Amino acid sequence: MGEKIPPVKGTRDVLPTDTYLKKDDPWVRTGHLQLIEQAARDIFPLYGYREARTPILERTALFARGIGDATDIVSKEMYTFEDRDGTQVTMRPEGTASLVRAYVEHAVQQQGGETKWWYAGPMFRHERQQRGRYRQFTQIGVEALGSTGPRIDAEQIEMLDRWLRFLAVPFEMHVNTLGDARCRPAYRTALQEYLRANADRLCEDCKKRTETNPIRVLDCKNPRCQEVAAGAPRMESYLCDECKAHFDGLRESLTRLGVAHLVDPKLVRGLDYYTRTTYEAIATSGLGSQSTVAGGGRYDGLVRELGGGDVAGIGFAAGVERLALLVAQAGREKEERPVVFLAPLGAAEEARADVLAKHLREAGIAAEVSFRGSNAANQLKRANALGARFALVVGELELSSGRAKLKELRTGEQHEVDLARLPDEVKRLAQNTPPSAA
Ligand code: HAM
């Protein structure tokens, strides 16, 4: 027997049955992920977002330039390797740079108007593994290109709010503004001067960040750095008139749309492309330190940076695994259960049941047929365990008469049905007693 081969660190399997993660973690099943994704598929198109799919592999330069060399993602977390032809490639750590690359590549700007795209798929970052943080994780994200906002910003934040509320996860929406190329440099200089003056109180990472990416010091988790950050100059007092009007407009729109939100000056985000609006949905319980379920913001310079025109953009991405932990805690799941369980009692009955199951499926009714020869009582137990709505025992009598009893498992009620018309009979009964009445 060969040795067992363990999975790669930071990757996970999610099975249809219970997958035990850690002692105090809830079970996460495929049904939780399906609920999250299906809700996105239902809700995002209501706002005009359409699905786009881009490759997992991209040229390394895309992320180096798009996300920024000095970010944690680019400087230490990317899965980068040389392809067989010598090209430097990276397994995408996020989706925005790729979507913008595709936008530029296919000259989508020429179509005019706004372009709204959503996407879902695996992302890769070599981070320290912990609950809610993995090396392969899944994002569902959206990007809206072609409008400078702030109404589209508010519309997008309202969409995220709607999706998370549908999933019944506990969260707060935080918003902030980072200014733009006109007003941020002066703020950056002032912040840098302040941080240099307080360098002795900063952690080693933040001493480096002071020179490379001073704004990131504001969201360092180290308590001493947080103290320094609390006394730091604030972006708010450096905003130019346009950025201030944009942020005021965003807050007014959010209020008009009924989106509860908090202004959070520490919300600076970890990627360099952001301008003006940034936002995050932060779980208020159930996730521990990795509590940001979704984050995003405006990136008005990114399309130009990646070789396109002057096109403004805003987007967010949500971590599906984090959402799944919360959805599992809330006990919600997309359930896929058979409607009819067919229990044949002998060989001739099995042959008939296989064909009956085929007819049910042709009519769009989920059916499972037992493959284990057993008595009626055991078969019914199995139908219950599968969560089937109806069970149909097929014995000698049923075979010869062409009639059988369809048992409603929840109530025990029996309905006599004509096997030749089984799909119609099931549909009629399912309509008479909707499962939601249970
Ligand atoms: P991000 O904040 O890096 O933004 O990631 C978005 C979300 O992905 C996080 O809030 C978190 O839920 C999830 N996430 C990130 N890293 C991990 C990980 N290692 N394990 C599990 N979940 C993780 C972006 O990626 C931007 N592209 C968002 C955006 C779109 N901005 C504009 N458009």
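The values are calculated or read from the model by the stated rules, or taken from the named source; none is laboratory data. This one's a predicted model, so the numbers in the text were calculated from it and none came from an experiment. Neighbour counts run over all protein chains shown; Cβ positions are idealised from the backbone, glycine included.
Annotations
- Selection status of Val293, β-branched (Val, Ile, Thr), away from the ligand (no atom under 12 Å from the Cβ) and buried (at least 18 other Cβ atoms within 10 Å of the Cβ): no
- Residue within region 307-315 that is farther than 17 Å from Ile67 by Cα, near the ligand (Cβ under 10 Å from one of its atoms) and part of a strand (DSSP E or B) present: no
- Within region 341-434, strands (runs of 3 or more DSSP E) holding 2 or more residues that are over 29 Å from Pro16 (Cβ atoms) and in contact with a Leu (Cβ under 8 Å, 6 or more places away or on another chain): 403-408, 414-418
- Filtered by the rule that a residue be free of Cβ contacts under 8 Å to residues at least 40 places away in the same chain and either buried (at least 19 other Cβ atoms within 10 Å of the Cβ) or in contact with a strand residue (DSSP E or B) (Cβ under 8 Å, 6 or more places away or on another chain) (or both), region 141-197 gives a lone residue, Leu195.
- Near pairs, Cβ below 9 angstrom, 6+ apart or cross-chain, from region 233-249 (in a helix (DSSP H, G or I)) to any residue that is among the acidic types (Asp, Glu): Glu242/Asp180; Cys243/Asp180; Lys244/Glu236; His246/Asp153; His246/Asp180; Phe247/Glu236; Gly249/Asp153
- Scoring Glu280 on the criteria (1) within 16 Å of the ligand (Cβ to nearest atom); (2) more than 19 Å from Ala317 (Cα to Cα); (3) surrounded by 20 or more Cβ atoms within 10 Å (Cβ to Cβ); (4) of a type in the set (D, E, K, R) leaves a single failure, condition (2).
- Selection status of Ala324, closer than 24 Å to Ala70 by Cβ and more than 9 Å from the ligand (Cβ to nearest atom): no
- Within this structure, Arg59 fails the test of being within 16 Å of the ligand (Cβ to nearest atom) and either at pLDDT 95 or above or loosely packed, with under 13 Cβ neighbours inside 10 Å (or both).
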